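Report on one structure; see the data block that follows.
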Amino acid sequence: MSKNICFIDGLEGILKYREIDINQLVELPYDAVSYLLIQGELPGDQELAEYAACLHGEREVNREVIDVIRMCNFNVDSIEALRTIVSFISQFDPDINDSSPEGNMRKAIRLIAKIPTIVAAYFRIANGKQPVPPDPSLSHGANFLYMLRGNKPTQLEAEVMEKDFILSAEHELNASTFSSRVTASTLSDLYSAVVSGLCTLKGPLHGGARAEVVTMIEEIACPENAENYVLDKLSKKEKIMGFGHRVYKTYDPRGTIFKQLAKQLAEAKGDMHWYNTAEVVENTVIRELVEKKGKPIYPNVDFYSGVIYKYMDIPPQLATSIFAIGRVSGWIAHCFDQYEKKKIIRPRAFMLDEC
C-alpha cells in the first residue's frame with residue numbers, strides 16, 4: 001500500500017519511510033534506504049552488498065549521452081538538461097519494453113545509478129571541464145562529489161551528501177511523486193514516469209525552492225543584513241524561501257537534521273558566516289510570524305540544505321537536480337506500487353477547487 005511507503009505526522013514533526021523514523025535512516029547508507037523504499041524492508045548485509053554492487057556497476061553513461069550534454073544550453077537550470085537526458089537514455093535501455101517486475105527493477109537500478117553521473121557531467125562540461133568517470137568504490141554521496149569536483153571529498157562532506165540524498169528520497173504524495181504515479185498509472189514506462197517527476201520537481205513551489213534559498217542567502221550576504229532583509233520582505237507580504245510547509249505545522253524534521261549538518265560543516269571549515277546568516281533569518285521569521293502572529297511557519301527541508309550547498313560550493317543551478325538524485329528512489333517506489341494496482345488515476349475536475 002502506498003501509505004506504507006511514507007508516514008508523516010505534520011503536527012508532531014514525524015517522518016518515516018516504511019515505518020522507520022528518518023532520524024534512524026540518516027545513519028544508514030543511501031543504498032540501504034533506496035533498497036528499503038523500493039523493496040519494502042531493510043536489506044541484510046548480503047542483500048545490501050548485491051544491491052550496491054548493481055548500483056555502482058551501472059553508474060557509467062555512454063558516449064552518446066555525453067555528446068547530447070555538450071549540445072545543451074548551459075545558461076539554464078541543470079534540471080532542464082536532466083529531464084532531456086533521462087528521456088534520451090531510455091532509448092539505450094535494453095529493458096525499455098520489458099514491463100515485468102524484473103525488467104522494471106533493472107531499469108530502476110540504472111536510473112538511480114546514472115542520474116548522479118548525468119548531473120555531474122553536465123556541470124563539468126558547462127564549466128569547460130572533462131567529465132569525471134564514476135568510482136565504483138565510493139558511496140553514492142562521495143561518488144557524486146568526486147565526479148563533480150574531480151577529487152575525493154572529505155569524510156564529513158561525503159556523509160553530508162549521503163544524508164542529503166536520504167532526506168530528499170521520499171515525502172509521501174508531494175507534487176512530483178503524484179505526477180510520477182499518474183504517469184505510471186497509465187502503464188507507461190518507468191523512464192516516462194521519472195521524467196514526469198523531474199518536470200514537476202522543477203517548479204519553484206516544489207524542488208526549485210532549494211535553488212532559491214541558495215540565491216537568497218547569497219543576496220543577503222552577511223548576518224548583519226539578514227534581519228532587515230526579512231523585515232523588508234514581510235512588510236511587502238513576500239515569501240521567505242525555505243519556510244513553511246503544506247503538511248508540517250511544526251519544525252520539519254528534515255530541517256532539524258539539515259540545520260545540524262550545516263553547523264557541522266561550518267565548524268569543520270572554520271567559517272560560520274553562512275550558518276550565522278541563515279540563523280538570523282530563521283530567528284527573525286520565527287519571532288515575526290510564529291511568536292507574534294501565531295503562524296506555524298518554520299524552516300522546511302530547503303532552508304538549511306541551501307546553507308549546506310553554500311559550504312560545499314554547489315551552485316544554485318544544481319540544487320534541484322541534486323534533489324532529484326535523492327528523490328528518484330521514492331518516485332520509483334511509488335511507481336512500482338502503482339504498477340501493481342493496474343488502475344489509472346483519474347481525478348474529477350471539481351476536486352481542483354480544493355487545490
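The values are calculated or read from the model by the stated rules, or taken from the named source; none is laboratory data. On a predicted model such as this, the values are computed, not experimentally measured, just so you know. FYI the Cβ positions are ideal-geometry reconstructions off the backbone, even for glycines, and counts take in every protein chain you see.
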- line: Those residues of the range 190-226 which are of a type in the set (S, T, N, Q) and more than 18 Å from Ser87 (Cβ to Cβ) amount to Thr215, Asn225
- request: Go through the range 225-256 and give me each residue that's of a type in the set (Asp, Glu) and over 14 Å from Tyr304 (Cα atoms).
  value: Glu227, Asp232, Glu238
query: What tally of residues in the range 130-153 results from selecting those that are of a type outside the set (D, E, K, R), assigned to a loop (DSSP other than H, G, I, E, B) and over 17 Å from the mean Cα position of the chain (by Cα)?
result: 11
Checklist (1) in a helix (DSSP H, G or I); (2) more than 23 Å from the chain's Cα centre (by Cα) applied to Ile96, failing item: (1)
message: Suppose we filter Glu219, Glu238 for residues that are surrounded by fewer than 14 Cβ atoms within 10 Å (Cβ to Cβ) and assigned to a loop (DSSP other than H, G, I, E, B); which single one remains?
response: Glu238
- prompt: Can you pull out the helices (runs of 4 or more DSSP H) entirely within the range 248-330 that have at least 2 residues that are of a type in the set (S, T, N, Q) and either in the same structural domain as Cys222 (by TED's automatic domain parsing) or within 30 Å of Ile112 (Cα to Cα) (or both)?
  reply: 253-269, 273-285
message: Looking only at residues that are assigned to a loop (DSSP other than H, G, I, E, B) and of a type in the set (Val, Ile, Thr) in the range 154-195, which one is nearest to the chain's Cα centre (by Cα)?
response: Thr154
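Residues checked against (1) within 18 Å of Ser321 (Cα to Cα); (2) among the basic types (Lys, Arg); (3) under 22 Å from the mean Cα position of the chain (by Cα); (4) at pLDDT 95 or above:
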| residue | (1), (2), (3), (4) |
| --- | --- |
| Leu205 | yes, no, yes, no |
| Arg210 | yes, yes, yes, no |
| Asn228 | no, no, no, yes |
| Ser235 | no, no, no, yes |
| Arg254 | no, yes, yes, yes |
| Glu267 | no, no, no, yes |
| Thr277 | no, no, no, yes |
| Glu291 | no, no, no, yes |
task: Find the residue count for the range 142-198, including only residues that are surrounded by fewer than 20 Cβ atoms within 10 Å (Cβ to Cβ) and in contact with a His (Cβ under 6 Å, 6 or more places away or on another chain).
output: 1
